[in-house]
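Worksheet: one structure, shown below.
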Amino acid sequence: MDKFRIEGPNRLSGRVEVSGAKNTALPALAASLLSDHPLTLSGLPQVRDIATMTRLLEHLGVEATAQPGELALSAHSIPDQPEAPYELVKTMRASVLVLGPLLARRGYARVSLPGGCAIGVRPIDQHLLGLEAMGAEVELEHGYVTARTGGSGGSGGTGHPARLRGCRFRFASPTVTGTENLVMAATLAEGTTVLENCAREPEIVDLTELLEAMGARIEGAGSDRLEIEGVRELGPAAHRVIPDRIEAGTYLLAGVITRGDVLVAGARAPDLASLLEKLQEMGSDVRIESDGIRVIHSGAIRSRDVVTAPHPGFPTDLQAQYLAVMTQADGIATVCESVFENRFQHVPELGRMGARIEIDGSFARVFGPTGLSGAKVMATDLRASACLVLAALIAEGVTTVDRIYHLERGYERMESKLQSLGARVERVP
């Protein structure tokens, strides 16, 4: 397994291009299952999760043809009783996104319960309750979810499985993948589906725009209430995924922690409003420019508390990176993780580098500023990996970040992008 070797301290300066959003690309790929017409996606990031989802789709009968800058998908040969096996699902929770489209298209789906980062319990009960409200019969056995419409086992070769039925369903709490799964399933359901207390992330808005390009009828994108009028079939479409707001936020925070000057090209300010507010509060000069967002920071970093929350709140996927920055801030910062119950696994590794952080349940108290020193550390999940990289950028000496395969699930060519900003980082076996 490869590692990152980072020599610090560094000051980052320059321009870095943000890649397409992984969390948009994954449901967009799953949406190809809804139609036997071609779907062309551009702007896909070259990260491990995209490769995993593509392999899963190919296993399900989708033809995937890579061309310069885009991926052409054709799902005209989906089997009557499709199955997403454990071997392809175990590393990525987003693989559950094939459940809704397969059920809507074929009337049957068997999908292994998903895996992913070990950051806490992330149940899919809301997905299943919503599908049951739409008329699906759902069973959980031997680590698999088996769902069918109208008691069928698929189309039986007729090509016309029983359809899901429109319904009114309210999520117990906002869930991004749950909202995406049910929206996709509802596009082919009979009648109208109303989903309430939906997640409102930009990635969901982008998915609805893709589905509408395919012929879906959706109202309420960006709100917590979505109304979907089902259609008999969806058609061809071409779509470019939005920029990755989490990657963009990571590089903005890297600019702050290194007291640098970084322009993140392609970053969209409305998607990062909660982060930009915090950057300004901690004393950063934030500039919205024509081609992205620029952050300049010199001098002291002001300590600021933060509470993670569903969009438009502060993203849980930026909590670890923000916590790294707070180790360099003047004073005590309290970071509350309200989304996942086990997302402070990066704290002991930061402690190995000299950080002073106390954990009390879902709260982390960060005492700063503290001088960090290079050490051997281990990534435990995707965003924790980025947190350790940011800390290493300003630590004295050499830091080795092990298990960067976590990082590669969501960041495209991070070492190259950091090198372009002046960081001394290299990949080593």
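Scanning region 69-80 for residues that are over 20 Å from Asp206 (Cβ atoms) and touching a Pro at 6+ places or on another chain (Cβ under 6 Å) turns up at least one hit. Within the bounds of region 396-404, is there any residue that is assigned to a strand (DSSP E or B) and among the hydroxyl-bearing types (Ser, Thr, Tyr)? Yes - at least one qualifying residue is present in region 396-404. Considering only region 295-302, I want to know if a residue exists there that is farther than 24 Å from Leu418 by Cα and part of a strand (DSSP E or B). Checked against the condition, which is being farther than 24 Å from Leu418 by Cα and part of a strand (DSSP E or B), region 295-302 yields at least one hit.
I need a count of the residues in region 28-40 that are more than 17 Å from the chain's Cα centre (by Cα) and either among the basic types (Lys, Arg) or open to solvent by less than 10 Å² (accessible area, probe 1.4 Å) (or both). Working first, answer last.
In the first step, residues of region 28-40 are kept if they are more than 17 Å from the chain's Cα centre (by Cα); the result is 32-40.
So of that shortlist, the ones also either among the basic types (Lys, Arg) or open to solvent by less than 10 Å² (accessible area, probe 1.4 Å) (or both) come out as 32-35, 39.
Of the residues in that region, 5 qualify.
Summed over region 1-41, residues that are aliphatic (A, V, I, L, M) and part of a strand (DSSP E or B) total 4. Of the set (1) more than 30 Å from Gly292 (Cα to Cα); (2) open to solvent by less than 20 Å² (accessible area, probe 1.4 Å); (3) in contact with a Lys or Arg (Cβ under 8 Å, 6 or more places away or on another chain), all apply to Phe171 but (3). Just a yes or no: is a residue in region 391-408 open to solvent by less than 10 Å² (accessible area, probe 1.4 Å) and at pLDDT below 95? Scanning region 391-408, I find at least one residue that is open to solvent by less than 10 Å² (accessible area, probe 1.4 Å) and at pLDDT below 95, so the answer is yes.
Residue by residue, here is whether (1) within 23 Å of the chain's Cα centre (by Cα); (2) over 21 Å from Thr149 (Cβ atoms); (3) surrounded by fewer than 18 Cβ atoms within 10 Å (Cβ to Cβ); (4) of a type in the set (Gly, Ala, Ser) holds:
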position: Leu26; (1), (2), (3), (4): yes, yes, no, no
position: Ser42; (1), (2), (3), (4): yes, yes, yes, yes
position: Ile50; (1), (2), (3), (4): yes, yes, no, no
position: Gly69; (1), (2), (3), (4): yes, yes, yes, yes
position: Val96; (1), (2), (3), (4): yes, no, no, no
position: Arg106; (1), (2), (3), (4): no, no, no, no
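Note on region 307-348: residues that are under 15 Å from the mean Cα position of the chain (by Cα), surrounded by fewer than 23 Cβ atoms within 10 Å (Cβ to Cβ) and hydrophobic (A, V, I, L, M, F, W, C) total 3. When region 321-356 is limited to residues that are at pLDDT 95 or above and in a loop (DSSP other than H, G, I, E, B), the one that is farthest from Glu247 (Cα to Cα) turns out to be Gly354. Among the strands (runs of 3 or more DSSP E) confined to region 182-283, the ones with at least 1 residues that are buried (at least 24 other Cβ atoms within 10 Å of the Cβ) are located at 192-196, 225-229, 261-265.
State whether one or more residues within region 382-389 are surrounded by fewer than 16 Cβ atoms within 10 Å (Cβ to Cβ), without any contact (Cβ under 8 Å) to a residue 40 or more places away in the chain and among the small types (Gly, Ala, Ser). No, region 382-389 has no match at all.
Out of Ala199, Ala216, one residue alone is among the hydrophobic types (A, V, I, L, M, F, W, C) and under 29 Å from Gln321 (Cβ atoms). It is Ala199. Yes or no: region 132-147 includes at least one residue that is open to solvent by 30 Å² or more (accessible area, probe 1.4 Å), at pLDDT below 95 and within 18 Å of the chain's Cα centre (by Cα). No: region 132-147 contains no residue that is open to solvent by 30 Å² or more (accessible area, probe 1.4 Å), at pLDDT below 95 and within 18 Å of the chain's Cα centre (by Cα).
The values are calculated or read from the model by the stated rules, or taken from the named source; none is laboratory data. Not measured: the values here are computed from a predicted model. FYI the Cβ positions are ideal-geometry reconstructions off the backbone, even for glycines, and counts take in every protein chain you see. Side chains included, ligands, DNA and RNA excluded: accessible areas come from the protein's heavy atoms. Shrake-Rupley method; radii C 1.70, N 1.55, O 1.52, S 1.80 Å.
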